[in-house]
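For reference, the structure discussed in these notes is given below.
The values are calculated or read from the model by the stated rules, or taken from the named source; none is laboratory data. The model shown is predicted, which means the values in this text are computed figures rather than measured ones. Please note: Cβ atoms are built from the backbone with ideal geometry, for glycine as well, and neighbour counts cover all protein chains shown. Protein only, heavy atoms only, side chains kept; ligands, DNA and RNA dropped before computing areas. Shrake-Rupley method; radii C 1.70, N 1.55, O 1.52, S 1.80 Å.
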Amino acid sequence: PSSLTNPPEFTKLRCDAAVAVAEIAAGAEEGTAKQEEKDENAMPNIVCLSAGTAHCPQLMGKNGLPIWEATSSAAYILETYGSLIPQQKVMIETTSYDTISNAYFARTTHADVAGWRNILVVTSEFHMDRSKAIFDWVFSAPPVAMSPYRLSYMTTENIGLSEEAIE
């Protein structure tokens, strides 16, 4: 991120896609919904993942503390879509620095604890094959105490990424 509410462009696309799906799930018409017109119980939670990327420098706040990628994504969603998405529906995971950890902490910190069974993973096109393999593996690992997880996947364009990053 370049600031608290300004994640990279490719991350904004992921956030925008997650919000669009959440709005549809809540029964609101895209672009016209107000919070009070939606079924808040039907709206899925959005979990922004990642503390950062291990091979990229960490953005530091004015207080000298890191601004986590997930925190920047959540702040972007709430600043951009705050009238559409209730704050309590946007969650963060700030422990992971790679895709395996993203999946592991999404499961152990959020899905297992809250009992979520339907999970949508939103990521960039270049990262989907790896993400799908890892999330399928992590979410199929025992124990699965309740019914099995149902994972779905959605891609966003590779906008704002260098050729090197995509390869």
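For the stretch 136-147, the condition of being in contact with a strand residue (DSSP E or B) (Cβ under 7 Å, 6 or more places away or on another chain) and closer than 26 Å to TYR76 by Cα holds for none of the residues. Checked against the criterion of being under 13 Å from the mean Cα position of the chain (by Cα) and of a type in the set (Val, Ile, Thr), the candidates ILE119, ILE159, ILE166 yield just one match: ILE119. On the stretch given as the stretch 64-90, residues that are without any contact (Cβ under 8 Å) to a residue 60 or more places away in the chain and either among the charged types (D, E, K, R) or touching a strand residue (DSSP E or B) at 6+ places or on another chain (Cβ under 8 Å) (or both) total 6.
Listed conditions (1) surrounded by 16 or more Cβ atoms within 10 Å (Cβ to Cβ); (2) touching a residue at least 60 places away in the same chain (Cβ under 8 Å); (3) farther than 19 Å from THR11 by Cβ are all met by ALA114, apart from (1). Is it the case that some residue within the stretch 40-51 is over 16 Å from the mean Cα position of the chain (by Cα), assigned to a helix (DSSP H, G or I) and at pLDDT below 80? No - not one qualifying residue is present in the stretch 40-51. Restricting attention to the stretch 140-156 and to residues that are closer than 18 Å to CYS48 by Cβ and surrounded by 14 or more Cβ atoms within 10 Å (Cβ to Cβ), the residue that is farthest from the chain's Cα centre (by Cα) turns out to be LEU151. A single entry from ILE85, ILE119 fulfils the requirement of being open to solvent by less than 50 Å² (accessible area, probe 1.4 Å), among the β-branched types (Val, Ile, Thr) and assigned to a loop (DSSP other than H, G, I, E, B): ILE85.
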